[in-house]
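One structure below.
The values are calculated or read from the model by the stated rules, or taken from the named source; none is laboratory data. This is a predicted model, so every value here is computed, not measured. Virtual Cβ from ideal backbone geometry, glycine too; neighbours counted across all protein chains shown. Heavy atoms of the whole protein, side chains included, go into the accessibility calculation; ligands, DNA and RNA do not. Shrake-Rupley method; radii C 1.70, N 1.55, O 1.52, S 1.80 Å.
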Amino acid sequence: MKTPYLYITLLAVLGIRAEALGQEQQLGDAPKLVVSIAIDQLRTDYLEAFAPLYSSDGFKRLLGEGLVCANASYPFTPVDRASAIAALGTGVTPYYNSIAGLRWLNRETLRPVHCTDDAKHPGILTRQGASPRHIATSTVTDELKVATAGKAVVWAIAPYSDAAVLAAGHAADGALWIDDESGLWCSSQYFFSSMPAWVRAYNDLQAPCRRISTLTWEPVNALVGNFSYFVQAGEQSPFKHRFAGSDAYAQYKASAMVNADVTDMALQCMASTGMGNDRVTDMLSLTYYAGNFDHRTVTDCQIELQDTYVRMDHELARLMQGIEQRLGRERVLFVVTSTGYSDEENTDYSKYRIPTGTFYMSRTANLLNMYFGAIWGQARYVEATFRNQIYLNHKLLEQKKVSITDATTRAQEFLALLSGVRNVYTSLQLLTSLSEHTMKVRNAFSADRCGDLIVEVAPGWRILNEDTQEQELSRASFTPFPIIFFGAGIAPQRITLPVSTDRIAPTIARAIRIRAPNACTAEPLF
């Protein structure tokens, strides 16, 4: 007698769960264009705080008329721009797609490698050779090309090479980014042998280098300068920034001003390539910037950050209006989310008597060499360090007939005794462990590109590489951000349950009737 009631109860629970995750959304005709927008360092708290400054056509329209997953997160840590963009496109974590970060250490040369570096494919209007060859799985853009026998038009546009190339995927028609040296929109011979005529024409008239000498960044209106969300604000002086010197374009790309260039190029790309004009679904991937000006601290540029969000609101409105005027709202699916991290503050905790310290990687490597030397004889057992990772000399250990498992286990026990160390993960532990405690760290691990040991220091401590003077502050903080689906017949809805970003790619795939990327196992949202 209990069985029917049990089934009814289970069905009721499953029904509630499905409804809560947007399962009642009905799929209409496949959209003619998907616009995937990743806003670098977008945060929900800032997004909501600056709402009084927005128009009705940008963020407010997306949040009010779209399907909003308000509590989104990446299923791995740490997250940076490159690993986030790759995860959005592949629907999987670095453990599978192998994009462990913006840079990693090449085990053969012991030198840092940029995630899109590729000398075999020289740059076009840039000295930087680039390709997506490091992505180990297919992306949603790749699957769209496969499903349409190459007929779909796929482009990616971003201020930065990593975002453009990783978002484009292996099979895209093109990827464009702004060169740090020339200020021109550039690309790579991986995508085409020479720059398309329409991009060359655009560069001649509207590239950042044509205007940067006359540009001044100041608040878009007086209200931005008088409004402040930050508790430590006090009196804020109006800002005025010019872009000059050898790093002018790098600075420009870390400002609110660059977003107008992305919108302009996106609309030009649509007009020049005929996106959305036939029965085949096309895809345009864009990256905008919503971080601190020139990667400074929030304390140093509070009004700049507010102005960044106001200008971002304007650019989203301009982009949506431009595309909808050409294709109509029902024929376009907009997907908006964040890269899920933010530049850390360079806070001096010792000034406020908060527990802190510095963990020195090179010094730690020397100590580990001495420890191993006492056991197996003096030698250089640690080959290199990079960020919080330690790379052991595999050939040396093999010569001494010491297993990697034995070496990493001993090193883990030794390092755990050092001041400031919260945890030490071994490569074998991350490859085999499925515990909830290590899952996010494991998901960020790539066996080919990460070290044999990963050191996690206590919150408030810094990791310093004495050789390169690079340092990172450990802070176990959560960066809130949304996932928004808008257009293409999607009904307004707000989902407050946690949603992982690995569900974006399969959701897009289902909406346009193609297979999800080949390593993606996550379920679509609707």
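Amide H neighbours of SER285 under 5 Å, counting only residues 5+ apart in sequence or on other chains, H built in-plane at 1.01 Å?
SER36, TRP155, ALA156, ILE157
When the helices in the chain are scored as -39500 (n - 2.57) per DSSP H run of 4 or longer and the sum is shared across all residues, what 222 nm value do you end up with, to the nearest 500 deg cm²/dmol?
Result for the chain, helices only: -10000 deg cm²/dmol.
Take the alpha-carbon positions of segment 345-431, form their convex hull, and give its projected area averaged over all directions (one quarter of the hull surface) in nm².
Computed as one quarter of the Cα hull surface, the answer is 6.7 nm².
Summing +1 for each Lys or Arg and -1 for each Asp or Glu, what net charge is found among the other residues whose Cβ lies under 10 Å from the Cβ of ILE404?
The answer is -3.
How far is it, in nm, from the label point at THR405 to the one at GLU181 when both lie 7 Å from their Cα along the line to the Cβ?
Going from the THR405 label point to the GLU181 one covers 4.9 nm.
Pop the C-beta distance of ARG127 and ASN71 into the FRET formula with R0 = 51 Å and round what comes out to the nearest 0.05.
Details: r = 42 Å, r/R0 = 0.83.
Efficiency computed from Cβ-Cβ geometry: 0.75.
Carbon and sulfur together cover what percent of the accessible area of the chain at a 1.4 Å probe radius?
The value for the chain is 51 percent carbon and sulfur by accessible area.
What full-extension length gain, to one decimal in nm, is calculated for ASN221 and GLU466 as 0.36 nm per residue of separation minus the Cα-Cα distance?
Here the answer is 83.8 nm.
Within straight cross-link reach of LYS60, meaning Cα distance under 18 Å, which aspartates and glutamates are found once same-chain residues fewer than 8 apart are removed?
Counting by Cα, and skipping residues close in sequence, LYS60 has these aspartates and glutamates nearby: ASP45, GLU48, ASP307, ASP313, GLU315, GLU324.
Given a 1.4 Å probe, how much area per residue of the chain is accessible, in Å²?
Heavy-atom SASA per residue in the chain reads 44 Å².
Between ARG210 and ALA260, what is the label-to-label distance in nm when each label sits 7 Å out along the Cα-to-Cβ direction?
Those two pseudo-labels are separated by 1.4 nm.
Place the peptides 138-151, 364-377 in order of packing, highest mean first, counting for every residue the other Cβ atoms within 10 Å and averaging per peptide.
Listed from highest to lowest mean packing, they are 138-151, 364-377.
Show me, for segment 203-213, the HN-Hα J-couplings you get by feeding each phi into the Karplus relation (A = 6.51, B = -1.76, C = 1.60, θ = phi - 60°), rounded to Hz, glycine and proline as x.
Result, rounded to whole Hz: 4, 5, 10, 10, 4, x, 5, 6, 10, 5, 5.
With the crude spin-label approximation of a point 7 Å out along Cα→Cβ, what separation in nm comes out for PHE478 versus ALA201?
Computed distance between label sites PHE478 and ALA201 equals 5.1 nm.
Using 0.36 nm times the number of residues separating VAL146 and ALA458, minus their current alpha carbon distance, what extension gain do you get?
107.7 nm
What does the charge count around THR358 come to, taking other residues whose C-beta lies under 13 Å from its C-beta (Lys +1, Arg +1, Asp -1, Glu -1)?
Once positives and negatives cancel, what remains is -2.
Just one of [x] 23.1, 70; [y] 24.2, 81; [z] 22.1, 65 is Rg and Dmax of the Cα atoms in Å calculated from these coordinates, so which is it?
It is the value labelled [y].
Within a Cβ distance under 15 Å of ARG133, other residues only, what is the Lys/Arg minus Asp/Glu net charge?
Overall, the nearby charge balance is -3.
Output the peptides 32-38, 329-335 sorted from most to least packed, where packing is the average of other Cβ atoms within 10 Å over each peptide's residues.
Values: 32-38: 24.3, 329-335: 20.9.
Highest mean packing first, the order is 32-38, 329-335.
Please give the contour-minus-distance gain from THR44 to ASP348: 0.36 nm per residue of separation, less the Cα-Cα distance, rounded to one decimal in nm.
Gain in length upon complete extension: 106.8 nm.
Given the peptides 246-256, 295-305, arrange them by the average over their residues of other C-beta atoms within 10 Å, most packed first.
Ranked by mean Cβ neighbours within 10 Å, highest first: 246-256, 295-305.
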